[in-house]
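K.L.:
Please find one structure pasted underneath; my questions will follow.
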Amino acid sequence: MDYANSDGDGADGLRTLPAAIKILIAGGFGVGKTTLVGSVSETKPLRTEEVISEHSIGVDDLVGVEDKSMTTVAMDFGRITFGDDLVLYLFGTPGQNRFWFVWDELALGALGAVVLADTRRLADCFPSVDYFEGRGLPFIVAVNCFAGTRQFSLEEVQLALNLDPDVPVMLCDARDRESSKDVLITLFEHVKKGGAARG
């Protein structure tokens with residue numbers, strides 16, 4: 001696909017648009033999806049956060065994330081540009097099940113996904129894992145390390161989530177840019193090896 005370039009790149013004044021890759025960042029409520037997108041995006045990320053109100057009482061489970069005051073209601077969006085020929089778009093999914101209708105739209109054309117996990121609320125990962133397994137979309141699991149929480153081995157996490165042995169599981173700190181980059185690199189390596197969710 002080409003577009004006109006006033007600088008006249010190329011013999012015909014047209015130049016090729018960069019390839020675009022879409023990655024989803026999924027996981028349970030309060031697991032750090034917004035934080036990860038923000039830590040690695042080259043631009044200020046687009047966020048669709050709203051204040052948690054009394055309407056969420058009895059609907060959203062705040063156990064383990066009692067200090068959380070904002071929640072994503074549609075998506076987070078970030079971007080990473082690699083030279084002139086590749087752009088990576090990051091889409092953070094909403095965590096609560098009442099917003100899951102957005103997932104099908106976000107998943108269209110995605111190369112793969114990162115499922116963020118919090119060992120305080122590991123069961124919150126199951127809907128994301130089930131979603132990507134059911135669609136055959138390659139994914140990895142990144143355990144976001146929160147201070148003061150019990151640490152589990154990666155093997156224990158893989159077993160608890162009943163993951164296929166080929167699905168990578170790793171530790172990360174969603175606040176740290178380098179750690180978040182390592183998560184994305186691990187996903188790309190998994191996709192390159194032909195990794196696919198169990199379907």
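The values are calculated or read from the model by the stated rules, or taken from the named source; none is laboratory data. All values reported here derive from a predicted model rather than from experimental measurement. In this analysis, Cβ positions are derived from the backbone assuming ideal geometry, glycine residues included, and neighbour counts consider all displayed protein chains. Ligands, DNA and RNA are stripped out before the accessible areas are found, and what is left, the full protein with its side chains, is counted by its heavy atoms. Shrake-Rupley method; radii C 1.70, N 1.55, O 1.52, S 1.80 Å.
K.L.:
Looking at region 33-50, which of the residues that are farther than 11 Å from residue 94 by Cα, modelled with pLDDT of 85 or more and not acidic (Asp, Glu) is most open to solvent (accessible area, probe 1.4 Å)?
P.N.:
35
K.L.:
Separate question: Cβ contacts < 8 Å: first residue modelled with pLDDT of 85 or more, restricted to region 85-104; second residue open to solvent by 80 Å² or more (accessible area, probe 1.4 Å), any location; separation 6+ or different chain. Result?
P.N.:
Pairs that qualify, where the first residue is modelled with pLDDT of 85 or more and the partner is open to solvent by 80 Å² or more (accessible area, probe 1.4 Å), are 85/16; 87/79; 88/79; 88/82; 89/79; 90/79.
K.L.:
Pairs please, first residue from region 148-173 and over 16 Å from residue 186 (Cα atoms), second anywhere and part of a helix (DSSP H, G or I) and open to solvent by less than 50 Å² (accessible area, probe 1.4 Å), Cβ atoms under 6 Å, 6+ apart in sequence or on different chains.
P.N.:
149/119; 152/119; 160/122; 161/125; 161/129
K.L.:
Additional query: The conditions are (1) at pLDDT 95 or above; (2) surrounded by fewer than 17 Cβ atoms within 10 Å (Cβ to Cβ), and residue 116 fails exactly one of them. Which is it?
P.N.:
Residue 116 satisfies all of (1) at pLDDT 95 or above; (2) surrounded by fewer than 17 Cβ atoms within 10 Å (Cβ to Cβ) except (2).
K.L.:
What residue, among those in region 126-146 that are within 19 Å of residue 173 (Cα to Cα) and assigned to a loop (DSSP other than H, G, I, E, B), is modelled with the lowest pLDDT? So that I can check it myself, show each step before the final result.
P.N.:
First, pick out the residues of region 126-146 that are within 19 Å of residue 173 (Cα to Cα): 139-146.
Subsequent filtering for residues that are assigned to a loop (DSSP other than H, G, I, E, B) retains 145-146.
Values: 145: 91, 146: 82.
Filtering first and then ranking leaves 146.
K.L.:
Right, residue 188: open to solvent by 20 Å² or more (accessible area, probe 1.4 Å), aromatic (Phe, Trp, Tyr) and under 22 Å from residue 22 (Cβ atoms) or not?
P.N.:
Yes.
K.L.:
Any chance you could count how many residues in region 142-166 are open to solvent by less than 90 Å² (accessible area, probe 1.4 Å) and in contact with a Gly (Cβ under 7 Å, 6 or more places away or on another chain)?
P.N.:
1
K.L.:
Does region 147-185 hold any residues that are assigned to a helix (DSSP H, G or I) and within 22 Å of residue 78 (Cα to Cα), and which are they? I'd like the intermediate steps shown before the answer.
P.N.:
Pass one, region 147-185, residues assigned to a helix (DSSP H, G or I): 154-160, 177-185.
Residues satisfying the conditions are 177, 178, 179, 180, 181, 182, 183, 184, 185.
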